[in-house]
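Student: Can you keep this structure in mind? I'll have questions shortly.
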Amino acid sequence: MQTDAHSLRPLAGRLALVTGASAGIGAAVARALFAAGARPFLVARRQDRLAALSAELGGAPFAALDVRDAAAVAEQLSVQPFDIVVNNAGLAAGVDPTHVASAADVDAMVDTNVKGVLNVARATVPGLVARGRGDHVLLGSVAGRQVYPNGGVYCATKHAVRALYEGLRQDAGGKGVRFSTVDPGMVETEFSLVRFKGDGERARKLYEGFEPLRPADVADAILYVVTRPPHVNVGELVLWPSAQVSTTRVERR
C-alpha cells in the first residue's frame, strides 16, 4: 500500500505565522506545523529562544517582536505572504479581584491579549483576503466563555478575543479565508508561572491531582483546524482536560 505524501505533509510549502512562539503552546504549534510541512515564521519577544527553536525547525525565519507594538507588527508582518496565521501571544498577570487589579497588570493583559491580537490581525488579514485563501486562528480560552473569581480582567480580555473572532468572520469571512478560535481549559505551560509572578511552587500546585492539557494537545487541535478541506471551516473548538468540569471546578485525585 502506497503512502500518500500529502497525508504526511498536508501543509507542504505554506508559510505559517506563529506569535508567542518562544515557549508553551506557541512553540508546540510551530513544531506541529513544521512536521506537517509548513514553513513556520516565529514571532515572540525572547530572541534567544526564537533562535533555538529556529535551529530546531530547519532555520525557520523569526522576528523578535512585541505584539503590543502596532507599528513594528505592521512593518514586519504586513509584507509577508502568510497562508496560516496562529494569533497566539497572550498572558495573565496577577490574581487580584477585578476591582483592585493593579494598573500595570491590567495594561499588560489588555495591551497583549486584546490590542496585540488586533495588531496581528490588522497586519495579516488584509493580505489573506487579497490572496483569497488562508487560515487565521485565534488562541482563545474557556475564560472567554466562563468568568471565574480573581480572574475578571483576564476573562474580559478572552471574551474580547472571542468577539474579535466573531467580528473577523462577519467582516472578512466568505472571501476564501477561514477564521477559527481554539479555546483550551487548563494547559500546563509557563502561563501560571507568569501569572503568579515567578512563584514556581504555586504554579506547580495548580496542576496537582489531575492531568491538565499539554501544549501538544492544543497544537494538535490547531493542526486539525488548518488541515480541513477548503470548504470546511472549524469555527470554534473548545478543549477541556477530562478532569476539568468548568473554569471553577476540577476533579482532583
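Student: Can you tell me how many residues in the stretch 75-94 are out of contact with any strand residue (DSSP E or B) (no Cβ under 9 Å at 6 or more places or on another chain) and under 20 Å from VAL161 (Cα atoms)?
Tutor: Qualifying residue count, the stretch 75-94: 4.
Student: Going through the stretch 190-215 one residue at a time, which ones are of a type in the set (Gly, Ala, Ser) and surrounded by 13 or more Cβ atoms within 10 Å (Cβ to Cβ)?
Tutor: Within the stretch 190-215, SER192, ALA203 qualify.
Student: Using beta carbons and a limit of 6 Å, which pairs, at least six apart or on different chains, have the first residue in the stretch 198-226 and without any contact (Cβ under 8 Å) to a residue 60 or more places away in the chain and the second one part of a helix (DSSP H, G or I) and among the small types (Gly, Ala, Ser)?
Tutor: From residues that are without any contact (Cβ under 8 Å) to a residue 60 or more places away in the chain, the pairs are ALA203/SER192; LEU206/SER192.
Student: Please go through the stretch 144-185 and give me each residue that is in contact with a strand residue (DSSP E or B) (Cβ under 7 Å, 6 or more places away or on another chain) and acidic (Asp, Glu), ordered by number.
Tutor: ASP183
Student: Still on this structure, please answer the following. Could you check the stretch 1-89 for helices (runs of 4 or more DSSP H) lying wholly inside it with 2 or more residues that are in contact (Cβ under 8 Å) with a residue 12 or more places away in the chain? Don't jump to the end; show me each part of the working.
Tutor: On the way: elements: 5-8, 24-35, 47-56, 70-77.
Where helices (runs of 4 or more DSSP H) fall fully within the stretch 1-89 and carry at least 2 residues being in contact (Cβ under 8 Å) with a residue 12 or more places away in the chain, they are 24-35, 47-56, 70-77.
Student: Just name the residue that is surrounded by the fewest Cβ atoms within 10 Å (Cβ to Cβ) out of those in the stretch 85-108 that are touching a Leu at 6+ places or on another chain (Cβ under 7 Å) and of a type outside the set (Val, Ile, Thr).
Tutor: ALA108
Student: Among the listed residues ALA121, ALA130, ALA108, identify the single one that is at pLDDT 95 or above, out of contact with any strand residue (DSSP E or B) (no Cβ under 9 Å at 6 or more places or on another chain) and within 16 Å of GLY173 (Cα to Cα). Lay out the reasoning, then the answer.
Tutor: Working: ALA121 fails: out of contact with any strand residue (DSSP E or B) (no Cβ under 9 Å at 6 or more places or on another chain); ALA108 fails: within 16 Å of GLY173 (Cα to Cα).
Of the residues listed, the single one that is at pLDDT 95 or above, out of contact with any strand residue (DSSP E or B) (no Cβ under 9 Å at 6 or more places or on another chain) and within 16 Å of GLY173 (Cα to Cα) is ALA130.
Student: Could you check the stretch 163-197 and list, in sequence order, the residues that are among the acidic types (Asp, Glu) and either assigned to a loop (DSSP other than H, G, I, E, B) or without any contact (Cβ under 8 Å) to a residue 12 or more places away in the chain (or both)? Explain how you work it out, then say what you get.
Tutor: At the first step, the residues of the stretch 163-197 found to be among the acidic types (Asp, Glu) are 166, 171, 183, 188, 190.
Residues satisfying the conditions are GLU166, ASP171, GLU188, GLU190.
The values are calculated or read from the model by the stated rules, or taken from the named source; none is laboratory data. If you're wondering where the values come from, they're calculated on a predicted model, not measured in any experiment. Neighbour counts run over all protein chains shown; Cβ positions are idealised from the backbone, glycine included.
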